[in-house]
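Okay, so here's the structure we're looking at.
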Amino acid sequence: MPEQGALQHPAPLRFKADWGGANLTRAAGWLAQWVYEHTADQRLSVICTGRGMGDNLHALGTGEVDVAFATPASFARLAAEGRGPFAGRPVPGLVAIAALPHRDAMVPVVRSDLGLRTLADVAAYPGPLRVSLGLDDPDGFMGFGGNAVLEAGGVDLAAIVDRGGTVLRPRLPAPAG
């Protein structure tokens, strides 16, 4: 039984962010601190790690968490409408309460010595190339986005593999070094 006069805390507010070392976890921490400092009962929070993509939006939709962070922001609308990587598995009832500005660009890059300047050049390159993209899974926005950009530029990943190239799809950003 709690001491008389002790604060009675409701259940912690549950956030889902990214894997712990990037911007979404930091933003969840800022919001958790604000909630603690601005609620009469000093409501506590729990920050769960995730990928910061579709997994977070599905966790919100199932009630696993109360607040989810995901990037890019435009994919929340795709989730709510069951489009793009959410085709056949919509997450209805999502409400965006904020958009935190940050730089989140997808930039196709090649070594300068290959002489490639456009995605059309990449598509026509006769030799092997090594391509690194996000996971090609229903919750991996970076894989979905990367596939869409390359496809729009005429780049066929299967053709790159047929020419002796490789397609890498790491789960998280590779460590520096």
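With the full set of protein chains in place, find how many percent of the accessible area of the chain is carbon and sulfur; take the probe as 1.4 Å.
Numbers: 6500 of 11160 Å².
Ligands and nucleic acids excluded, carbon and sulfur reach 58 percent.
Using a Gaussian network model of the chain in which every pair of alpha carbons under 10 angstrom is joined by a spring, one finds that among ALA98, ALA159, ALA73 the greatest mean-square fluctuation is at ALA98.
Pairs of C-alpha atoms in the stretch 80-146 farther apart than 13 Å represent 76 percent of all such pairs. Amide H to amide H distances under 5 Å link VAL131 with THR166, VAL167, LEU168, where only residues 5 or more positions off or on other chains count and H is placed in the peptide plane.
Think of the chain as a dipole: +1 on every Lys or Arg Cβ, -1 on every Asp or Glu Cβ, centred on the Cα centre; then among SER74, LEU57, GLY134, GLY134 lies furthest on the positive end. Close amide H partners of SER45, meaning residues 5 or more places away or on another chain with modelled amide H under 5 Å apart, are LEU13.
For the stretch 44-134, the solvent-accessible area with a 1.4 angstrom probe is 62 square angstrom per residue. With distances taken between every two different alpha-carbon atoms, the chain has a Kirkwood hydrodynamic radius of 18.7 Å.
Computed over the alpha-carbon pairs of the stretch 1-91, the distance histogram in 5 Å steps reads 3, 14, 21, 19, 15, 12, 7, 5, 2, 1, 0 percent, short to long. Our helix-only sum for the chain, with -39,500 (n - 2.57) per DSSP H run of n ≥ 4 divided by its residues, gives a mean residue ellipticity at 222 nm of -9000 deg cm²/dmol. GNM on the chain, alpha-carbon springs under 10 angstrom: the most fluctuating residue among MET142, MET106, MET53 is MET106. Close amide-amide hydrogen proximity is noted between LYS16 and CYS48, VAL67, ALA68, PHE69, each under 5 Å apart and 5 or more residues distant or on a separate chain (H modeled in the peptide plane; Pro and chain starts excluded). For the stretch 64-77, 3J(HN,Hα) computed residue by residue from phi via the Karplus equation (6.51, -1.76, 1.60; θ = phi - 60°) reads 4, 9, 9, 9, 10, 10, 8, 9, x, 4, 4, 6, 5, 5 Hz, glycine and proline entered as x. Of ALA17, ALA27, ALA79, which has the largest mean-square fluctuation in a 10 Å C-alpha GNM of the chain? With Cα springs under 10 Å in the chain, the top fluctuation among ALA17, ALA27, ALA79 is at ALA27.
Taking the Cα centre of the stretch 13-129 as origin, sum charge times position over the Cβ atoms of Lys and Arg (+1) and Asp and Glu (-1), and report the length of that vector in debye to the nearest 20. Could you put the intermediate results ahead of the total?
Working: 11 positive and 10 negative charges, 32 e Å.
Dipole size: approximately 160 debye.
The values are calculated or read from the model by the stated rules, or taken from the named source; none is laboratory data. A quick note: this is a predicted structure, and the numbers were derived from the prediction, not measured. Positions of Cβ are generated from backbone atoms using ideal geometry, with glycine treated the same way; all protein chains shown enter the neighbour counts. In case anyone asks, the SASA skips ligands and DNA or RNA and just uses the protein heavy atoms, side chains included. Shrake-Rupley method; radii C 1.70, N 1.55, O 1.52, S 1.80 Å.
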